[in-house]
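The values are calculated or read from the model by the stated rules, or taken from the named source; none is laboratory data. Source: prediction; values computed, not measured. FYI the Cβ positions are ideal-geometry reconstructions off the backbone, even for glycines, and counts take in every protein chain you see. Accessible surface is based on the protein model in full, side chains and every heavy atom, while ligands, DNA and RNA are left aside. Shrake-Rupley method; radii C 1.70, N 1.55, O 1.52, S 1.80 Å.
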Amino acid sequence: MSIEEHRDDIETCFGTSCNFCERNCPVYKILRVKTYTSKGKNRAMLGLIDGHYDASMALAEVAFTCTLCGACDAHCALPNTERFIELRRKLVKEGLIRPEYDRSIESIKKTGDVFGRSIETSKIFEETADGDVPIYLGCQYKGEKNEVKLIIKVLDKMGIKAKITDDESCCGYIAHVLGYEDEMPEIVNKFKEAYPHDDFITLCPSCTMFTQEEMDLNSVHVIKHIHELIMSGKIELKDLDMDVTYHDPCDLGRKLGVIEEPREILKAMGVRVHEMENNKEFSMCCGAGGGMLITDPELVDDMSKERMKQAIDTGVDVLVTVCPTCESTLLTGSMLARKEYKKRVKVMSIWELLDEAVD
Ligand code: SF4
Ligand code: SF4
(Lines give C-alpha, C1' and ligand atoms only; values in the text may rest on other atoms or scores of the structure.)
(Ligands and ions follow the chains in the order given, each with its own letter.)
Protein backbone atom coordinates (compact mmCIF):
# COMPACT_ATOMS: atom_id res chain seq x y z
CA MET A 1 0.00 0.00 0.00
CA SER A 2 1.29 3.49 -0.81
CA ILE A 3 0.73 6.55 1.34
CA GLU A 4 -1.59 7.96 -1.36
CA GLU A 5 -4.04 5.15 -0.60
CA HIS A 6 -4.45 6.56 2.94
CA ARG A 7 -5.76 9.83 1.52
CA ASP A 8 -9.41 9.33 2.62
CA ASP A 9 -8.48 8.72 6.24
CA ILE A 10 -6.01 11.57 6.24
CA GLU A 11 -8.65 13.94 4.86
CA THR A 12 -11.13 12.74 7.48
CA CYS A 13 -8.60 13.66 10.15
CA PHE A 14 -7.84 16.95 8.41
CA GLY A 15 -11.54 17.84 8.44
CA THR A 16 -11.96 17.37 12.18
CA SER A 17 -10.80 19.39 15.09
CA CYS A 18 -11.18 16.65 17.67
CA ASN A 19 -7.48 16.28 18.54
CA PHE A 20 -8.31 13.37 20.89
CA CYS A 21 -5.03 11.80 19.77
CA GLU A 22 -3.09 14.46 21.71
CA ARG A 23 -4.40 13.30 25.07
CA ASN A 24 -2.08 10.41 25.63
CA CYS A 25 0.66 10.81 23.05
CA PRO A 26 3.87 10.32 25.05
CA VAL A 27 5.93 12.36 22.60
CA TYR A 28 3.48 15.28 22.76
CA LYS A 29 3.38 15.07 26.56
CA ILE A 30 7.10 15.92 26.57
CA LEU A 31 7.73 18.06 23.47
CA ARG A 32 4.37 19.92 23.40
CA VAL A 33 4.71 20.35 19.62
CA LYS A 34 1.57 19.39 17.70
CA THR A 35 3.51 18.29 14.61
CA TYR A 36 4.48 15.13 16.53
CA THR A 37 0.90 14.14 17.34
CA SER A 38 -1.09 11.79 15.16
CA LYS A 39 -2.93 14.72 13.61
CA GLY A 40 0.36 16.52 13.00
CA LYS A 41 1.78 13.50 11.20
CA ASN A 42 -1.42 13.15 9.16
CA ARG A 43 -1.14 16.79 8.09
CA ALA A 44 2.49 16.31 7.13
CA MET A 45 1.52 13.30 5.03
CA LEU A 46 -1.23 15.23 3.25
CA GLY A 47 1.27 17.94 2.28
CA LEU A 48 3.52 15.23 0.87
CA ILE A 49 0.70 13.55 -1.06
CA ASP A 50 -0.45 16.89 -2.48
CA GLY A 51 3.08 17.72 -3.60
CA HIS A 52 3.49 20.79 -1.40
CA TYR A 53 6.96 19.51 -0.47
CA ASP A 54 9.20 16.52 -1.08
CA ALA A 55 10.16 13.92 1.46
CA SER A 56 13.09 15.20 3.49
CA MET A 57 15.15 14.49 6.59
CA ALA A 58 12.95 17.02 8.43
CA LEU A 59 9.88 14.92 7.60
CA ALA A 60 11.81 11.79 8.62
CA GLU A 61 12.51 13.39 11.97
CA VAL A 62 8.75 13.78 12.51
CA ALA A 63 7.95 10.27 11.25
CA PHE A 64 10.53 8.51 13.40
CA THR A 65 9.90 10.60 16.54
CA CYS A 66 7.02 8.35 17.48
CA THR A 67 6.87 5.28 19.73
CA LEU A 68 4.17 3.66 17.52
CA CYS A 69 2.50 3.01 20.86
CA GLY A 70 -1.01 3.17 19.39
CA ALA A 71 -2.35 5.54 22.07
CA CYS A 72 -3.59 7.75 19.24
CA ASP A 73 -5.41 4.77 17.69
CA ALA A 74 -7.08 4.07 21.04
CA HIS A 75 -8.50 7.60 21.04
CA CYS A 76 -9.44 7.73 17.33
CA ALA A 77 -11.62 5.82 14.87
CA LEU A 78 -8.78 5.83 12.32
CA PRO A 79 -5.91 3.30 12.21
CA ASN A 80 -3.16 5.90 12.37
CA THR A 81 -0.07 3.89 13.30
CA GLU A 82 -0.40 1.62 10.22
CA ARG A 83 -0.10 4.75 8.14
CA PHE A 84 2.95 5.98 10.05
CA ILE A 85 4.74 2.71 9.24
CA GLU A 86 3.80 3.28 5.59
CA LEU A 87 5.40 6.73 5.72
CA ARG A 88 8.55 5.24 7.26
CA ARG A 89 8.67 2.70 4.41
CA LYS A 90 8.65 5.50 1.86
CA LEU A 91 11.40 7.38 3.71
CA VAL A 92 13.56 4.25 3.99
CA LYS A 93 13.16 3.58 0.26
CA GLU A 94 14.29 7.15 -0.44
CA GLY A 95 17.29 6.78 1.88
CA LEU A 96 16.01 9.48 4.26
CA ILE A 97 17.05 7.68 7.41
CA ARG A 98 19.72 7.72 10.04
CA PRO A 99 22.70 5.38 9.50
CA GLU A 100 22.00 3.78 12.91
CA TYR A 101 18.84 2.16 11.51
CA ASP A 102 20.83 0.59 8.67
CA ARG A 103 23.36 -0.75 11.17
CA SER A 104 20.59 -2.46 13.21
CA ILE A 105 19.13 -4.08 10.10
CA GLU A 106 22.57 -5.23 8.94
CA SER A 107 23.13 -6.77 12.40
CA ILE A 108 19.90 -8.75 12.10
CA LYS A 109 20.83 -9.98 8.63
CA LYS A 110 24.40 -10.93 9.62
CA THR A 111 23.97 -12.26 13.16
CA GLY A 112 20.23 -12.78 13.62
CA ASP A 113 20.35 -10.30 16.50
CA VAL A 114 19.44 -6.62 16.39
CA PHE A 115 22.28 -5.78 18.77
CA GLY A 116 24.79 -7.73 16.67
CA ARG A 117 25.69 -10.25 19.36
CA SER A 118 27.02 -13.48 17.93
CA ILE A 119 25.02 -16.67 18.31
CA GLU A 120 27.82 -17.93 20.54
CA THR A 121 27.15 -15.33 23.24
CA SER A 122 23.51 -16.33 23.44
CA LYS A 123 24.38 -20.02 23.76
CA ILE A 124 23.44 -20.18 27.42
CA PHE A 125 20.47 -22.45 27.70
CA GLU A 126 21.76 -25.97 27.22
CA GLU A 127 19.88 -26.88 30.38
CA THR A 128 16.60 -26.65 28.49
CA ALA A 129 17.73 -29.26 25.93
CA ASP A 130 15.33 -31.84 27.40
CA GLY A 131 12.37 -29.42 27.48
CA ASP A 132 9.31 -29.93 25.32
CA VAL A 133 7.65 -26.48 25.22
CA PRO A 134 9.32 -24.24 22.59
CA ILE A 135 9.96 -20.78 23.98
CA TYR A 136 11.14 -17.98 21.72
CA LEU A 137 13.34 -15.46 23.54
CA GLY A 138 13.71 -12.63 21.03
CA CYS A 139 16.63 -10.18 20.87
CA GLN A 140 15.78 -8.30 24.04
CA TYR A 141 15.74 -11.36 26.32
CA LYS A 142 18.87 -12.86 24.72
CA GLY A 143 20.91 -10.34 26.69
CA GLU A 144 18.97 -10.92 29.92
CA LYS A 145 20.50 -14.22 30.99
CA ASN A 146 19.48 -13.95 34.66
CA GLU A 147 15.90 -12.92 33.88
CA VAL A 148 15.53 -15.81 31.41
CA LYS A 149 16.91 -18.27 33.98
CA LEU A 150 14.36 -16.95 36.46
CA ILE A 151 11.52 -17.40 33.96
CA ILE A 152 12.66 -20.96 33.16
CA LYS A 153 12.81 -21.70 36.91
CA VAL A 154 9.28 -20.39 37.55
CA LEU A 155 7.87 -22.21 34.53
CA ASP A 156 9.56 -25.38 35.72
CA LYS A 157 7.88 -24.99 39.14
CA MET A 158 4.58 -24.73 37.25
CA GLY A 159 5.31 -27.97 35.40
CA ILE A 160 6.26 -26.32 32.09
CA LYS A 161 9.54 -27.67 30.68
CA ALA A 162 10.88 -24.89 28.49
CA LYS A 163 12.90 -25.64 25.39
CA ILE A 164 15.05 -22.74 24.22
CA THR A 165 17.26 -23.13 21.19
CA ASP A 166 20.48 -21.17 20.85
CA ASP A 167 20.19 -20.53 17.13
CA GLU A 168 17.02 -18.42 16.99
CA SER A 169 17.03 -15.36 14.77
CA CYS A 170 15.27 -11.97 15.19
CA CYS A 171 11.58 -12.19 14.23
CA GLY A 172 11.85 -8.92 12.29
CA TYR A 173 9.63 -6.73 14.48
CA ILE A 174 12.14 -3.89 14.66
CA ALA A 175 12.77 -3.97 10.88
CA HIS A 176 8.99 -3.82 10.39
CA VAL A 177 8.46 -0.79 12.63
CA LEU A 178 11.46 1.01 11.15
CA GLY A 179 9.91 0.58 7.70
CA TYR A 180 12.49 -1.75 6.10
CA GLU A 181 9.91 -3.36 3.84
CA ASP A 182 12.31 -4.70 1.17
CA GLU A 183 14.45 -6.42 3.81
CA MET A 184 11.51 -8.20 5.49
CA PRO A 185 11.41 -11.39 3.35
CA GLU A 186 15.09 -12.15 4.04
CA ILE A 187 14.72 -11.46 7.78
CA VAL A 188 11.48 -13.45 8.13
CA ASN A 189 12.96 -16.41 6.16
CA LYS A 190 16.03 -16.40 8.39
CA PHE A 191 13.75 -16.44 11.45
CA LYS A 192 11.63 -19.30 10.10
CA GLU A 193 14.63 -21.40 9.09
CA ALA A 194 16.20 -21.00 12.52
CA TYR A 195 12.91 -21.46 14.36
CA PRO A 196 10.68 -23.88 12.44
CA HIS A 197 7.77 -23.92 14.92
CA ASP A 198 4.18 -22.91 14.24
CA ASP A 199 3.12 -23.15 17.89
CA PHE A 200 5.38 -21.64 20.52
CA ILE A 201 5.43 -19.45 23.59
CA THR A 202 6.95 -15.98 23.43
CA LEU A 203 8.37 -13.90 26.25
CA CYS A 204 8.47 -10.49 24.56
CA PRO A 205 5.18 -8.67 23.80
CA SER A 206 6.53 -7.23 20.54
CA CYS A 207 7.71 -10.63 19.21
CA THR A 208 4.29 -12.01 20.14
CA MET A 209 2.41 -9.26 18.35
CA PHE A 210 4.59 -9.46 15.26
CA THR A 211 4.62 -13.27 14.91
CA GLN A 212 0.84 -13.42 15.44
CA GLU A 213 -0.34 -10.45 13.43
CA GLU A 214 2.22 -10.20 10.65
CA MET A 215 3.29 -13.87 10.28
CA ASP A 216 0.06 -15.59 11.27
CA LEU A 217 1.87 -18.01 13.61
CA ASN A 218 0.30 -19.54 16.73
CA SER A 219 2.54 -17.80 19.21
CA VAL A 220 1.14 -17.25 22.69
CA HIS A 221 2.56 -14.77 25.14
CA VAL A 222 3.75 -16.58 28.25
CA ILE A 223 1.49 -14.48 30.51
CA LYS A 224 -1.59 -15.65 28.63
CA HIS A 225 -0.35 -19.24 28.86
CA ILE A 226 0.27 -19.24 32.61
CA HIS A 227 -2.90 -17.23 33.24
CA GLU A 228 -4.95 -20.18 31.96
CA LEU A 229 -3.08 -22.56 34.26
CA ILE A 230 -3.45 -20.30 37.28
CA MET A 231 -7.16 -19.64 36.66
CA SER A 232 -7.83 -23.37 36.26
CA GLY A 233 -6.61 -23.79 39.86
CA LYS A 234 -3.72 -26.07 38.87
CA ILE A 235 -1.07 -23.81 40.39
CA GLU A 236 -1.07 -22.94 44.08
CA LEU A 237 0.06 -19.42 44.83
CA LYS A 238 1.14 -17.92 48.14
CA ASP A 239 -0.43 -14.69 49.33
CA LEU A 240 2.20 -11.95 48.94
CA ASP A 241 0.01 -9.23 50.51
CA MET A 242 1.49 -6.36 48.47
CA ASP A 243 0.43 -3.13 46.80
CA VAL A 244 1.80 -2.35 43.34
CA THR A 245 0.97 -0.56 40.15
CA TYR A 246 1.00 -2.35 36.81
CA HIS A 247 2.44 -0.99 33.54
CA ASP A 248 0.78 -2.36 30.37
CA PRO A 249 3.31 -2.89 27.56
CA CYS A 250 1.72 -1.31 24.44
CA ASP A 251 2.04 -4.40 22.23
CA LEU A 252 0.65 -6.76 24.86
CA GLY A 253 -2.14 -4.58 26.21
CA ARG A 254 -3.42 -2.21 23.56
CA LYS A 255 -2.45 -4.30 20.52
CA LEU A 256 -3.12 -7.89 21.70
CA GLY A 257 -5.73 -7.13 24.36
CA VAL A 258 -3.88 -9.00 27.13
CA ILE A 259 -4.96 -6.52 29.78
CA GLU A 260 -6.86 -8.33 32.53
CA GLU A 261 -4.68 -11.49 32.55
CA PRO A 262 -1.60 -10.00 34.27
CA ARG A 263 -3.87 -8.17 36.73
CA GLU A 264 -5.70 -11.40 37.55
CA ILE A 265 -2.40 -13.22 38.08
CA LEU A 266 -1.29 -10.46 40.45
CA LYS A 267 -4.62 -10.62 42.29
CA ALA A 268 -4.29 -14.41 42.62
CA MET A 269 -0.95 -13.79 44.43
CA GLY A 270 -2.60 -11.39 46.88
CA VAL A 271 -1.14 -8.37 45.07
CA ARG A 272 -3.40 -5.32 44.96
CA VAL A 273 -3.07 -3.23 41.78
CA HIS A 274 -3.40 0.55 42.08
CA GLU A 275 -3.94 1.96 38.60
CA MET A 276 -1.93 4.82 37.19
CA GLU A 277 -3.63 7.80 35.54
CA ASN A 278 -3.16 6.13 32.13
CA ASN A 279 -3.93 2.45 32.28
CA LYS A 280 -5.18 -0.56 30.34
CA GLU A 281 -6.23 0.35 26.78
CA PHE A 282 -5.24 3.96 27.46
CA SER A 283 -1.93 3.14 29.07
CA MET A 284 1.10 5.34 28.47
CA CYS A 285 4.12 3.98 26.58
CA CYS A 286 7.38 3.60 28.54
CA GLY A 287 8.95 5.61 25.69
CA ALA A 288 11.04 2.91 24.02
CA GLY A 289 8.68 1.72 21.28
CA GLY A 290 8.93 2.28 17.54
CA GLY A 291 12.73 2.37 17.43
CA MET A 292 12.89 5.43 19.72
CA LEU A 293 15.88 4.01 21.60
CA ILE A 294 17.83 4.47 18.37
CA THR A 295 16.13 7.71 17.28
CA ASP A 296 16.24 9.76 20.47
CA PRO A 297 17.38 8.08 23.73
CA GLU A 298 17.12 11.38 25.66
CA LEU A 299 13.46 11.73 24.74
CA VAL A 300 12.95 8.10 25.81
CA ASP A 301 14.41 9.03 29.22
CA ASP A 302 11.98 11.95 29.51
CA MET A 303 9.00 9.80 28.57
CA SER A 304 9.96 7.02 30.99
CA LYS A 305 10.41 9.58 33.78
CA GLU A 306 6.93 10.92 33.02
CA ARG A 307 5.51 7.39 33.20
CA MET A 308 7.27 6.81 36.53
CA LYS A 309 5.78 10.08 37.82
CA GLN A 310 2.38 8.48 37.20
CA ALA A 311 3.56 5.47 39.22
CA ILE A 312 4.72 7.74 42.06
CA ASP A 313 1.31 9.44 42.09
CA THR A 314 -0.42 6.12 42.91
CA GLY A 315 1.34 6.12 46.29
CA VAL A 316 2.75 2.57 45.94
CA ASP A 317 6.42 1.59 46.09
CA VAL A 318 6.53 -1.02 43.32
CA LEU A 319 5.73 -1.01 39.60
CA VAL A 320 5.33 -4.41 37.92
CA THR A 321 5.58 -5.10 34.23
CA VAL A 322 5.99 -8.06 31.88
CA CYS A 323 8.12 -6.69 29.03
CA PRO A 324 11.94 -6.66 29.00
CA THR A 325 12.12 -3.37 27.09
CA CYS A 326 9.61 -1.60 29.36
CA GLU A 327 11.41 -2.96 32.42
CA SER A 328 14.86 -1.66 31.48
CA THR A 329 13.47 1.65 30.21
CA LEU A 330 11.38 2.25 33.32
CA LEU A 331 14.34 1.37 35.55
CA THR A 332 16.10 4.41 34.10
CA GLY A 333 12.85 6.40 34.39
CA SER A 334 12.62 5.39 38.04
CA MET A 335 16.11 6.73 38.79
CA LEU A 336 15.38 10.00 36.97
CA ALA A 337 12.01 10.40 38.69
CA ARG A 338 13.61 9.68 42.06
CA LYS A 339 16.08 12.54 41.55
CA GLU A 340 13.34 14.96 40.54
CA TYR A 341 10.44 13.94 42.81
CA LYS A 342 12.42 12.50 45.76
CA LYS A 343 10.43 9.28 45.75
CA ARG A 344 11.54 5.89 44.51
CA VAL A 345 9.22 3.36 42.91
CA LYS A 346 10.97 0.02 42.41
CA VAL A 347 10.53 -1.58 38.98
CA MET A 348 10.02 -5.35 39.12
CA SER A 349 9.20 -8.05 36.61
CA ILE A 350 6.18 -10.19 37.37
CA TRP A 351 8.56 -13.18 37.42
CA GLU A 352 10.20 -11.96 40.62
CA LEU A 353 6.79 -12.02 42.32
CA LEU A 354 5.83 -15.37 40.80
CA ASP A 355 9.10 -16.87 42.02
CA GLU A 356 8.13 -15.90 45.58
CA ALA A 357 4.53 -17.06 45.19
CA VAL A 358 5.07 -20.47 43.56
CA ASP A 359 6.72 -23.34 45.53
S1 SF4 B 1 -5.80 11.53 14.42
FE2 SF4 B 1 -7.89 10.98 15.00
S3 SF4 B 1 -8.15 11.85 17.05
FE4 SF4 B 1 -6.41 12.90 16.09
S5 SF4 B 1 -7.29 14.73 15.14
FE6 SF4 B 1 -7.19 13.13 13.57
S7 SF4 B 1 -9.22 12.19 13.65
FE8 SF4 B 1 -9.00 13.35 15.57
S1 SF4 C 1 1.80 6.17 18.06
FE2 SF4 C 1 2.05 6.99 20.14
S3 SF4 C 1 3.83 8.37 19.98
FE4 SF4 C 1 3.12 7.98 17.87
S5 SF4 C 1 1.71 9.69 17.41
FE6 SF4 C 1 0.46 7.98 18.20
S7 SF4 C 1 0.29 8.38 20.43
FE8 SF4 C 1 1.99 9.64 19.63
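Quick check: is even one residue across region 32-40 within 11 Å of ligand 2 (Cβ to nearest atom) and in contact (Cβ under 8 Å) with a residue 40 or more places away in the chain?
Yes: region 32-40 contains one or more residues that are within 11 Å of ligand 2 (Cβ to nearest atom) and in contact (Cβ under 8 Å) with a residue 40 or more places away in the chain.
Only one of these conditions is not met by Glu106: (1) out of contact with any helix residue (DSSP H, G or I) (no Cβ under 6 Å at 6 or more places or on another chain); (2) within 21 Å of Lys29 (Cβ to Cβ). Which number is it?
(2)
Can you tell me which residue within region 20-40, out of those that are among the polar types (S, T, N, Q) and open to solvent by less than 30 Å² (accessible area, probe 1.4 Å), is farthest from ligand 1 (Cβ to nearest atom)?
Ranking the candidates gives Asn24 first.
Quick one: which strands (runs of 3 or more DSSP E) sit completely within region 178-252 and have at least 3 residues that are within 21 Å of Ser328 (Cβ to Cβ)?
242-246
Out of the residues in region 233-270 that are among the small types (Gly, Ala, Ser) and modelled with pLDDT of 95 or more, state the one that is surrounded by the fewest Cβ atoms within 10 Å (Cβ to Cβ).
Applying the filter and picking the extreme gives Gly257.
Quickly run through region 10-19 and pick out the residues that are open to solvent by 70 Å² or more (accessible area, probe 1.4 Å) and either more than 10 Å from ligand 1 (Cβ to nearest atom) or in a helix (DSSP H, G or I) (or both).
Once the filter is applied, which keeps residues that are open to solvent by 70 Å² or more (accessible area, probe 1.4 Å) and either more than 10 Å from ligand 1 (Cβ to nearest atom) or in a helix (DSSP H, G or I) (or both), region 10-19 yields Glu11, Thr12, Phe14.
Just need a number here: residues in region 70-96 that are more than 14 Å from ligand 1 (Cβ to nearest atom), assigned to a loop (DSSP other than H, G, I, E, B) and surrounded by 21 or more Cβ atoms within 10 Å (Cβ to Cβ).
0
Is there any pair with a first residue in region 310-325 that is polar (S, T, N, Q) and a second that is in a loop (DSSP other than H, G, I, E, B) whose Cβ atoms are under 6 Å apart and which are 6 or more apart or on different chains, and what are they?
Note: pairs meeting the criteria are Gln310/Met276; Gln310/Glu277; Thr314/His274; Thr314/Met276; Thr321/His247; Thr325/Ala288.
Would you confirm whether or not region 100-110 contains a residue that is touching a Gly at 6+ places or on another chain (Cβ under 8 Å), away from ligand 2 (no atom under 12 Å from the Cβ) and of a type in the set (A, V, I, L, M)?
yes
Here's the yes/no breakdown for (1) under 19 Å from Cys323 (Cβ atoms); (2) modelled with pLDDT under 95:
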position: Ile160; (1), (2): no, no
position: Lys163; (1), (2): no, yes
position: Ser169; (1), (2): no, yes
position: Gly172; (1), (2): yes, no
position: Tyr180; (1), (2): no, no
position: Val188; (1), (2): no, no
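Does region 98-113 hold any residues that are without any contact (Cβ under 8 Å) to a residue 40 or more places away in the chain and of a type outside the set (Lys, Arg), and which are they?
Pro99, Asp102, Glu106, Ser107, Thr111
Could you check region 54-69 and list, in sequence order, the residues that are open to solvent by less than 10 Å² (accessible area, probe 1.4 Å) and part of a helix (DSSP H, G or I)?
Within region 54-69, Ala60, Ala63, Phe64 qualify.
State which residue is surrounded by the most Cβ atoms within 10 Å (Cβ to Cβ) when the search covers only region 132-158 and only residues that are at pLDDT 90 or above and not in a helix (DSSP H, G or I).
Once the filter is applied, the top-ranked residue is Ile135.
For the condition closer than 17 Å to Met292 by Cα and within 23 Å of the chain's Cα centre (by Cα), what is the one hit in Phe20, Phe84?
Result: Phe84 is the single residue among Phe20, Phe84 that is closer than 17 Å to Met292 by Cα and within 23 Å of the chain's Cα centre (by Cα).
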